[in-house]
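Here's the structure we're looking at; comments come further down.
FYI, it's all coordinate maths here, none of it is from the lab. Note that the structure is a prediction, hence the values are computed from the model and not measured. Virtual Cβ from ideal backbone geometry, glycine too; neighbours counted across all protein chains shown.
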Amino acid sequence: MNPAHQQCPYSVRFDWGITGASAIALDADVSVVVDVLSFTTTLSVAVEQGIEVFPYRWKDNGAQQYAADRHAVLAVGRSDMRGAAVSLSPATIRSASGLERLVLPSPNGSSIAHALAASSRVCVGASLRNASAVAAWIHNNYREGAVVSVIAAGERWPDGSLRPAVEDLWGAGAVLAELLERRPHQAASPEAEAAAASWHSIRNRLGAALEHCASGQELIAAGYPTDVAIATEVDTSRSVPVLENDRFVNREHVL
């Protein structure tokens, strides 16, 4: 791979999707996956309720067996919801009871985390709800100069290609902005600086922006306005979902 695409001169990096993750996370000390609508938002809600979350590939025929082998509940797609089932919707997780282990497939964030599990040293899930907590945890647990790669999951066009999703740019930018504020002398790539700048440009009107961006409008039109509202709960969570073995567990940052 071209070293320029790996952002090798920089210890703080940013890129998009599973291909971007494979580029910038190859030698990273910490990789942060951001999928605001909805995998990492749902993940933050789950782990703060004490639920272990297993990331998994989307629409994989082995998902049911994978969940059974781990004595876990398999989340369904939003459109497949029936009764008291749980789905990728954070609202269903928030209202669930007695849930201890959850396999949470998604086409973007969860698939990226599942792929990183085999190659990344440490993988963390971040959303707007816990961006500051994740940045603080990294700052407190890793030396200055440690390589931090932040990946915006993005969405998919109907042909399967990556659709950069602005909400993931903002979520990644929120993590990066907080980390760079704590470590102003850390070498950040231009890509990482641009993501942080995007967050600074929107943070004071985030609620309206998230509702009106393409992904927010899609969810609201599909009948999930509560999912968008939960995603706007900026820094309300101290959860730090860290991928250990094959599951995310909460390494909550304590102020």
Gyration tensor (Cα only) of the range 118-237 to equivalent ellipsoid, semi-axes in Å sorted down, yields 26, 16, 14
Specify the angular offset, from 0 to 90 degrees and rounded to the nearest 10, of the alpha carbon long axis of helix 39-48 from the longest principal axis of the alpha carbons in the chain. 80
Using only Cα atoms, find the angle between the long axis of helix 131-141 and the longest principal axis of the chain, and express it within 0 to 90 degrees, rounded to the nearest 10. 60
I'd like the orientation of helix 190-202 relative to the chain: the angle between its Cα long axis and the longest Cα principal axis, in ° from 0 to 90, rounded to 10. 60
Shape call for the range 51-125 from the C-alpha gyration tensor, a ≥ b ≥ c root eigenvalues: rounded (a/c under 1.5), prolate (a/b greater than b/c) or oblate? prolate
Provide His114, His71, His5 in ascending order of the number of other Cβ atoms located within 10 Å of each residue's Cβ, fewest first. His71, His5, His114
